[in-house]
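The values are calculated or read from the model by the stated rules, or taken from the named source; none is laboratory data. All values reported here derive from a predicted model rather than from experimental measurement. Please note: Cβ atoms are built from the backbone with ideal geometry, for glycine as well, and neighbour counts cover all protein chains shown. All accessible areas refer to the heavy atoms of the entire protein, side chains included, with ligands and DNA or RNA removed. Shrake-Rupley method; radii C 1.70, N 1.55, O 1.52, S 1.80 Å.
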Amino acid sequence: MKRMLILAVAALFISCGGNTSRQQTEVSAEQPAEASVKTGPQWFYLSENGIHQADNPASIPARTFRPWTEAVRVTDAAIIQGAPVFLINKLGIMAGGAAGSAPALHRDSLLAAATSGGIYRTDTGAGIRLFRNSIFAEGEGPGGEQPCMIEWNPSTGSVSPWLSSLDFGLSKEAQMVALDRIGTRWYASFKTVTSSKVDFDYIEFQQFPQKGAPASAGMRKINQDQYISAITPFSFADAPEQLVSLLEVIPESTGLTVRTYSRSAKAGQTYQRSGEGVSVDASAYVSDDRTAVLFSDGTFYYRPDNTSQKRVILRLPALSSGYVYTSFIITGKSLLASWEEQRFYETGRAGLLETSLPDGV
């Protein structure tokens with residue numbers, strides 16, 4: 001296996017690279033594990049042209065702040081057919097091999113033209129939610145029926161149009177701005193902007209519609225209150241036991257918002273715990289064999305074997321004020337963490353940090 005997996009992706013896009021180090025928010029009740037890491041962290045930044053390696057954070061060039069819907073940034077993480085995946089807005093899909101092989105970057109004009117809202121597991125591969133933001137998007141989108149969901153085939157790396165708003169019984173102007181899987185049902189929010197008003201439609205369904213089938217089959221419209229109630233984050237006390245156990249050393253007075261993904265879930269799920277002060281954000285991966293959590297300040301909790309009580313707490317390199325870590329995947333012995341520069345609803349620089357997990361982990 002290569003020393004640094006992302007190098008296989010970035011090789012065609014090597015460039016020079018602005019400052020990415022940030023003040024941390026303390027979320028650890030234990031000292032970080034004293035474990036040796038074989039290789040130092042490698043920094044990469046994102047642009048419309050690809051993934052670029054940087055010698056160090058200070059060499060990453062500044063980027064104009066853009067609304068997060070239009071910025072090149074990691075939008076979601078998932079496990080698709082056993083392989084870890086990053087969905088990168090305006091760029092493509094970065095997928096690692098199930099056995100930890102080097103990631104590959106899959107690009108397509110459909111992904112470049114719209115905002116990538118999320119990635120979801122399906123029976124045949126993955127569905128990706130797309131939308132165009134009527135406020136921030138530059139220019140008008142192409143006319144005609146546009147997909148709100150596209151399919152990605154992990155075997156070929158190709159994407160293809162799948163569903164449009166018409167398949168949900170709505171006008172072609174409706175944009176799917178949210179999609180959640182709660183229990184056994186899906187909940188979608190559509191936004192329609194006209195010259196005179198903005199309308200929202202909320203739809204509950206158990207299975208995605210069949211192309212060409214009546215839009216009403218298996219679907220029902222719900223009102224805003226029903227929709228909000230359905231997608232309200234679960235209590236952290238109801239989170240998977242592996243996750244609760246891993247983070248039990250964090251004081252209960254600390255508010256948490258943890259977005260989780262797994263090998264079996266069709267979509268990410270959010271768990272919350274109220275506490276004192278501002279809630280801290282984290283991304284988590286939960287499986288039967290191991291559990292990991294990355295907080296926005298770079299604190300990384302990891303249990304490589306859920307049958308053991310061993311808990312590893314690592315600190316990723318600190319990021320400058322205004323920067324946060326957002327998500328992660330683990331491929332082989334490498335941890336790939338996404339980071340971005342944030343300003344209110346805008347994003348500046350964004351990229352990836354790759355580091356090897358310590359020996360013995």
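Rolling a 1.4 angstrom probe over the protein heavy atoms, how many square angstrom per residue are accessible across region 48-132? Intermediate values should be presented prior to the final figure.
Working: 2910 Å² over 85 residues.
With all protein chains present, region 48-132 gives 34 Å² per residue.
For region 333-350, in order, what is each residue's ³J(HN,Hα) by Karplus, 6.51 cos²θ - 1.76 cosθ + 1.60 with θ = phi - 60°, in whole Hz (x at glycine and Pro)?
Using θ = phi - 60°, the values come out as 9, 10, 9, 10, 10, 8, 9, 7, 8, 10, 8, 6, 9, 10, 10, x, 5, 8 Hz.
Give the residue from TYR271, ASN306, GLY322 lying farthest towards the positive end of the charge dipole for region 268-335; charges sit on Cβ (+1 for Lys and Arg, -1 for Asp and Glu) and the dipole is referred to the Cα centre.
Farthest along the dipole direction, towards plus: ASN306.
To the nearest 0.05, what FRET efficiency results for GLU248 and SER160 with a Förster distance of 35 Å applied to their C-beta separation? Present the calculation step by step, with values, prior to reporting the outcome.
Numbers: r = 44 Å, r/R0 = 1.27.
So the FRET efficiency works out to roughly 0.20.
Can you run phi through the Karplus equation (6.51, -1.76, 1.60; θ = phi - 60°) for region 126-133 and list ³J(HN,Hα) in whole Hz, with x for Gly and Pro?
8, x, 10, 7, 10, 7, 10, 7
How big is region 48-102 along each principal axis, measuring the range of its Cα positions in Å and listing the largest first?
36, 28, 16
Write down the accessible area per residue of region 312-361 in Å², having rolled a 1.4 Å probe over the full set of protein chains. Numbers along the way, then the final one.
On the way: 1450 Å² over 50 residues.
Result: 29 Å² of accessible area for each residue.
For TRP186, list long-range residues whose amide hydrogen, built 1.01 Å from N in the peptide plane, is under 5 Å from its own amide hydrogen.
PHE205, GLN206
Can you list the residues, at least 5 places off or on another chain, whose amide H is less than 5 Å from the amide H of LEU130, using H built in the peptide plane?
Residues meeting the criterion, in which the H sits 1.01 Å from N, are GLY117, MET149, ILE150.
Keeping all protein chains in place and using 1.4 angstrom, which order do GLU341, GLU252 fall into by accessible surface area, from largest down?
On the way: GLU341 30, GLU252 155 Å².
Result, largest first: GLU252, GLU341.
Could you size up the charge dipole of region 48-126 around its Cα centre, putting +1 on the beta carbon of Lys and Arg and -1 on that of Asp and Glu, and report it in debye to the nearest 20?
Working: 6 positive and 6 negative charges, 24 e Å.
Using Cβ point charges on Lys, Arg, Asp and Glu, region 48-126 gives about 120 debye.
Show me 230-237, 46-53 ranked by packing, highest mean number of other Cβ atoms within 10 Å first. Provide the component values of the computation, followed by the final result.
Numbers: 230-237: 13.8, 46-53: 19.1.
Highest to lowest by the protection proxy: 46-53, 230-237.
Arrange the residues SER155, SER327 by how much accessible surface each exposes, largest first, with a 1.4 angstrom probe.
Numbers: SER155 100, SER327 15 Å².
Correct descending sequence by accessible area is SER155, SER327.
Determine the alpha carbon to alpha carbon distance for each of LYS191/LYS266; LYS172/LYS221; LYS172/LYS211 and list only those over 21 Å.
Numbers: LYS191/LYS266 23 Å; LYS172/LYS221 17 Å; LYS172/LYS211 15 Å.
In this structure, LYS191/LYS266 lie more than 21 Å apart at Cα.
Using amide H atoms built 1.01 Å from N in the peptide plane, name the residues 5+ places from ILE222, or on other chains, whose amide H lies under 5 Å from its own.
Residues meeting the criterion, in which the H sits 1.01 Å from N, are TYR202, ILE203, GLU204.
Any chance you could run the full-extension gain for SER235 through ALA62? It's 0.36 nm times the residue separation minus the Cα-Cα distance, nm to one decimal.
Values: separation 173, 0.36 × 173 = 62.28 nm, distance 3.87 nm.
Roughly 58.4 nm would be gained on extension.
Quick one: what are the phi-derived ³J(HN,Hα) couplings along region 306-323, Karplus 6.51/-1.76/1.60 with θ = phi - 60°, whole Hz, x for glycine and proline?
5, 7, 10, 8, 4, 10, 10, 10, 10, 10, 6, x, 5, 9, 5, 4, x, 10
Roll a 1.4 angstrom probe over the protein heavy atoms and tell me the percent of accessible area of region 211-320 that is carbon or sulfur.
Working: 2640 of 5280 Å².
Carbon-and-sulfur percentage of accessible area, whole number: 50.
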